[in-house]
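Working notes for the structure below.
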Amino acid sequence: MRRPESSGPDEQFAAFMSASAHRLYRVAYLLTYDAGQAEELTQNALVRTYTAWPRIVDGDGYAYARRILVNLHSDWWRRLLRRERPTDRLPERRAAGPDPADAAVARTSLAEALRQLTRRERTVIVCRYYLDLTEQQTADDLGVALGTVKSAHARALRKLRVDPGLSTVVEKQETA
Amino acid sequence: MYTVDDLRQQLVEETEGLAPRVTFARVKARAGRRRWRGPLTVAVAALAPALAVGTLVAMQPGAPRPAPGPTPSPTAHPFVGPALVTGLTVGDEELLLFHRAPDPNIRIDGESRAELRGALSDPSHERFRELRPVLVILPGSLTPRVVELPDGRGGVIDYGVVGVADARVEVAVDGRTVIANTARVPGVPDVTVFWISRDGPLAEPTGVPSGPASTAVLFTARDASGAVVGSTDQRQRGDGIQASPPPYPPDGEPDPGPAISVSPGTPTFRPPTVSPS
């Protein structure tokens, strides 16, 4: 998102937030599948973006915030791995909507399948298929080699393909 | 039959209708604190040797000296109204505060009994947790009542009340004597709340420091003239943090909703937020 030129930094950032916070939050949700963690992750990414706002030279605040969010998730996950994290609540799910039952089952299967992926594999899937980033852009955002993204991507699709809940997902991928 | 396009579509559908509650004001407030954290860390690191020497001097046996500690400040907390923020932190950032919680259902001799509650709140007062046990204030109760709380960093916070206005509380630990921080709690007359942060093991669960791991701690309260009004070496270990919100939100304030969910028993602290890089 390009920054408007005619207002102050706070107004610019507030406008940026209103345009981008939802998208960032949805990415965070797909990465964590936990509404509370996603909100915390989104807020932290926005805080850092706000702090760096005057320095974002190219004006693409969304790309900057998205990169921070994805990397914060990686750092956060590493930290959580080193500590016990008891919980007595199941991850929040979206409320039941008017969708047909089949669609709901498919969504649940997808969520469960994505949870089985490793953090990096899930991040790559979200970057590639939700954010529509290229493999090179994904590698740049994650700060890893292109080959790492390719291998994680291939592993993730392989796991999704054999997942019992999504046994036919991405079956056409090779022919697409 | 699914394809990667279906996968794309399902990822979109998965997040449809989701909206964050993050506001610009909250982001700006957090960013302000984050800006200060870096320079403060450097300053604290630079001052650490001097602070260590100062602490050692203050803890030497001899004439009581004021205990070093942050300055308390009365504040209006959005969850409970008037409160006293001690400046002590528990865990990474939660502030220890005290507030009055009058309970009209508990009466002694026909009078409503006031209760003083300890609580933890994050600096922006967005999250709030009550501490147990509740300190019941009996008018004219001259024996200090003391509760211990682990500070989440290996230390101990002793806090309590005594039924004397403007009391001075001396704390004797291992032959050293320091003066506890004291203050009045907004809305609570003729009562002094006190607290001190120190090293050492917690009291036994019964509150009786009989085990070999316990440290003998003597709390002595003096009135404004310096006369001893009461003392105790009994302290009760805090047995947890209530998972319920404060029962009586201030008039006109919206219900803050459920407090942070924690397990009963040993006090636990919420996981730290992602630290800045």
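Report the accessible area of B:T89, computed with a 1.4 Å probe over the heavy atoms of all protein chains in place, in Å² rounded to the nearest 10.
The accessible area of B:T89 comes to roughly 40 Å².
Length gain on complete extension for the stretch B:A216 to B:Q234, per 0.36 nm per residue less the alpha carbon to alpha carbon distance? All intermediate terms of the calculation are to be shown ahead of the outcome.
Details: separation 18, 0.36 × 18 = 6.48 nm, distance 0.90 nm.
Full extension from B:A216 to B:Q234 adds 5.6 nm.
Report the accessible area of A:Y64, computed with a 1.4 Å probe over the heavy atoms of all protein chains in place, in Å² rounded to the nearest 10.
Rounded to the nearest 10, the figure is 80 Å².
The values are calculated or read from the model by the stated rules, or taken from the named source; none is laboratory data. Everything numeric here is computed off the predicted structure, so don't read it as measured data. Ligands, DNA and RNA are excluded from the accessible area calculation, which covers all protein heavy atoms including side chains. Shrake-Rupley method; radii C 1.70, N 1.55, O 1.52, S 1.80 Å.
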